[in-house]
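The values are calculated or read from the model by the stated rules, or taken from the named source; none is laboratory data. In this text the structure is predicted, and so the values were computed from the model without any measurement. Glycine gets a Cβ as well: all are built from the backbone with ideal geometry, and neighbour counts include every protein chain shown. Keep in mind that these areas ignore ligands, DNA and RNA; they rest on the heavy atoms of the full protein, side chains included. Shrake-Rupley method; radii C 1.70, N 1.55, O 1.52, S 1.80 Å.
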Amino acid sequence: MKEKIYVHVADDHKILIEGIMAVINTDEEIEVRDYSLTGQEVIDWFDNNENKADVLILDITMPVLDGFEVLKYFKKNKINQKVIILSSYDDVKIVQEVLNLGCKGYISKNNAGVHIVKAIKAVAKGQQYFSDDIQGILLQSLSGEMVPQGEMPDKFLLDSLTERELDVLKLITKQYSTAEMADFLNLSVNTVETYRKSLLKKLNVKNAVGLAMYAVKNNIV
């Protein structure tokens, strides 16, 4: 009899976990060993010496600790855990970041049903695995092509902002004009405009209203 592949599933939506488990349970070679609803639960589960899983299916956006922090914990503590990211985010920067943190596979949630079993089997053998859409953006990036910005977590976007960009964003939410921001920050009008354009591009919004809504939503002001 072929040895089973044991899998732990981590996502903050119980209904999605149940869906993933239902797909996995169609294959006799794979068995689910428990699930976690937060990043902290993932770490606590793996810290228990009695708990072992060949593959961890991990969402990025979870309460308490997110997927990035779980991967950083594994890396810092030299825990050699095979991880597949299952996420709705498809920006190439996100994919590259989790690969740098040691994950072995990345599947978009839209393609989970088609790919999850094949991904588990490949990663359990030590191979990398990506769903078709993720593989496409990685190949584009490697070949030097321009890759359109995809979906990414707000936290990741905020971490990409410079201190000056945050200053400009805060003043925009206070309805400062470009000239007023330039005077307040002791910068030229052109420099402020450059920061404004950078914010629009990074945060993927169209105007100052979008920037203000983003800042309020993420408690920047």
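Rundown of residues vs (1) open to solvent by less than 80 Å² (accessible area, probe 1.4 Å); (2) at pLDDT 85 or above; (3) basic (K, R), yes/no style:
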{"site": "K118", "(1), (2), (3)": "no, yes, yes"}
{"site": "Q135", "(1), (2), (3)": "no, yes, no"}
{"site": "E151", "(1), (2), (3)": "no, no, no"}
{"site": "E163", "(1), (2), (3)": "no, yes, no"}
{"site": "L169", "(1), (2), (3)": "yes, yes, no"}
{"site": "E180", "(1), (2), (3)": "no, yes, no"}
{"site": "S188", "(1), (2), (3)": "yes, yes, no"}
{"site": "K201", "(1), (2), (3)": "no, no, yes"}
{"site": "K206", "(1), (2), (3)": "no, no, yes"}
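For Y195, the criteria (1) closer than 28 Å to D91 by Cα; (2) aromatic (F, W, Y); (3) open to solvent by 90 Å² or more (accessible area, probe 1.4 Å) hold in every case but one, which is (3). Can you confirm whether the stretch 78-91 contains a residue that is among the polar types (S, T, N, Q), crowded, with 19+ Cβ neighbours inside 10 Å and more than 13 Å from the chain's Cα centre (by Cα)? Checking the stretch 78-91: at least one residue is among the polar types (S, T, N, Q), crowded, with 19+ Cβ neighbours inside 10 Å and more than 13 Å from the chain's Cα centre (by Cα). Exactly one residue out of N100, N110, N49 is free of Cβ contacts under 8 Å to residues at least 40 places away in the same chain and under 13 Å from the mean Cα position of the chain (by Cα): that is N100. Per the listing V95, V42, V7, the residue uniquely open to solvent by less than 30 Å² (accessible area, probe 1.4 Å), in contact with a Lys or Arg (Cβ under 7 Å, 6 or more places away or on another chain) and touching a residue at least 24 places away in the same chain (Cβ under 8 Å) is V7. If I filter the stretch 158-201 down to residues being within 13 Å of A215 (Cα to Cα) and touching a residue at least 40 places away in the same chain (Cβ under 8 Å), which single residue comes out as nearest to the chain's Cα centre (by Cα)? The extreme case among them is L158. Within the stretch 36-52, can you find the residues that are in contact with a Phe, Trp or Tyr (Cβ under 8 Å, 6 or more places away or on another chain) and charged (D, E, K, R)? Selection gives K52 alone.
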